[in-house]
Every structure is written in structure tokens, then in C-alpha cells.
1. So for the stretch 45-64 (the condition being among the aliphatic types (A, V, I, L, M), surrounded by fewer than 15 Cβ atoms within 10 Å (Cβ to Cβ) and more than 12 Å from the chain's Cα centre (by Cα)), does at least one residue qualify?
2. Among the residues of the stretch 92-139 satisfying the criterion of being within 14 Å of the chain's Cα centre (by Cα) and of a type in the set (S, T, N, Q), which is modelled with the highest pLDDT?
3. Taking the condition of being buried (at least 19 other Cβ atoms within 10 Å of the Cβ), touching a helix residue (DSSP H, G or I) at 6+ places or on another chain (Cβ under 7 Å) and small (Gly, Ala, Ser), how many residues in the stretch 1-44 meet it?
4. Which residue is surrounded by the most Cβ atoms within 10 Å (Cβ to Cβ), if the candidates are limited to the stretch 73-96 and must be within 25 Å of GLY2 (Cβ to Cβ) and in contact with a Gly (Cβ under 9 Å, 6 or more places away or on another chain)?
5. Are any of the residues in the stretch 41-48 in contact (Cβ under 8 Å) with a residue 24 or more places away in the chain and either over 21 Å from THR114 (Cβ atoms) or not β-branched (Val, Ile, Thr) (or both)?
6. Hey, can you tell me all the residues within the stretch 1-51 that are part of a helix (DSSP H, G or I) and in contact with a Leu (Cβ under 7 Å, 6 or more places away or on another chain)?
7. I'd like to check something: does the stretch 105-119 contain any residue that is under 23 Å from ASP9 (Cα atoms), small (Gly, Ala, Ser) and surrounded by fewer than 17 Cβ atoms within 10 Å (Cβ to Cβ)?
Amino acid sequence: MGQARKVMDQLTTAMVEERNVQSAMGFYADDAVIVTPDAGEVRGREGIADYWRHLIDAFPDSHYEPISKHEAGNAAIDEGWLEGTNTAPLSLPTGETVPATGRPIKVRSCDVATVENGKIKEHHLYFDQMEFLGQLGLGPES
């Protein structure tokens with residue numbers, strides 16, 4: 001197992017199993033950037049922590065079911081399912097906050113993290129935002 005795979009696995013443990021955003025931030029470089037379908041580009045640990053905190057708060061029972069894990073050079077790639085129930089307010093890309101829907105989600109996702117010097121420098125998250133919103137009753141259902 002290489003450095004990228006190890007860091008990605010540690011991040012997943014901190015976020016999914018421990019729900020510890022502060023601990024998870026230790027795996028990101030100071031100038032890290034994440035790119036997501038819902039928030040766009042988020043720069044720096046503080047912004048990244050806010051992004052993850054909103055997601056964990058909105059889906060406190062969330063868990064990640066991996067389908068596959070890969071490593072290529074300094075990149076770790078995870079594909080899997082994010083599942084959980086929306087039991088707290090959710091921040092939307094528009095900046096609005098909607099009340100909890102009480103609805104469950106199961107959304108397929110793919111994460112690609114580039115690691116430099118033992119820290120995540122770039123983290124790209126891919127998921128179908130329309131599927132996500134549809135399952136919550138906030139968009140067209142597929």
C-alpha cells in the first residue's frame with residue numbers, strides 16, 4: 001500500500017467511522033482544495049472542514065460502502081455508495097438551507113485524492129447531484 005492509499009483510508013476512517021472532522025483535517029494540506037458537484041471549488045482546511053461538517057450534520061447516520069479502491073502513483077481513487085438519512089438541515093449550493101426531509105439516500109460516488117508529502121493536496125468528489133436531490137424530494141425523482 002502506497003502513501004496515497006494510506007492517507008485516503010485514514011481520511012475515510014476519520015470521516016465515516018469516527019465522524020471527526022477535526023481529525024480528518026489533519027490529512028489535508030494547508031492549501032488543499034476539494035471540488036464537488038454541490039459546492040464547487042472549496043479551498044483551505046477551514047472551508048473543507050465546513051463542507052464536511054455540513055454533510056455529517058445533515059446525515060448523522062451516514063456511512064460509506066466501498067465498491068472499489070485503487071491507487072495510481074500519488075492518487076487514491078475510491079468508488080462506493082454514500083448512504084444515510086437526512087435528519088438535520090441541509091445547505092444547498094445556492095446558499096439556502098432547507099429543513100431536514102427525513103428521507104434516506106443511497107448515492108453512488110467516486111473520490112479522487114492527490115497526495116503530496118503525506119497530505120491531500122486535491123480531492124475531487126463525483127456524484128449525481130440530481131439523483132441526490134431527487135432522493136431527498138428536493139428535485140425530480142429518477
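1. no
2. Filtering the stretch 92-139 for residues that are within 14 Å of the chain's Cα centre (by Cα) and of a type in the set (S, T, N, Q), the one modelled with the highest pLDDT comes out as SER109.
3. Residues meeting the conditions: 3.
4. First, pick out the residues of the stretch 73-96 that are within 25 Å of GLY2 (Cβ to Cβ): 73-82.
So of that shortlist, the ones also in contact with a Gly (Cβ under 9 Å, 6 or more places away or on another chain) come out as 73-74, 76.
Values: GLY73: 10, ASN74: 15, ALA76: 27.
Per the criteria, the residue is ALA76.
5. Scanning the stretch 41-48, I find no residue that is in contact (Cβ under 8 Å) with a residue 24 or more places away in the chain and either over 21 Å from THR114 (Cβ atoms) or not β-branched (Val, Ile, Thr) (or both), so the answer is no.
6. So in the stretch 1-51, the residues part of a helix (DSSP H, G or I) come out as 3-17, 21-25, 44-51.
The one that is part of a helix (DSSP H, G or I) and in contact with a Leu (Cβ under 7 Å, 6 or more places away or on another chain): ALA24.
7. yes
The values are calculated or read from the model by the stated rules, or taken from the named source; none is laboratory data. Just so you know, these numbers come straight off a predicted model, no measurement behind them. As a convention, Cβ positions derive from the backbone with ideal geometry for all residues, glycine included, and neighbour counts pool all protein chains shown.
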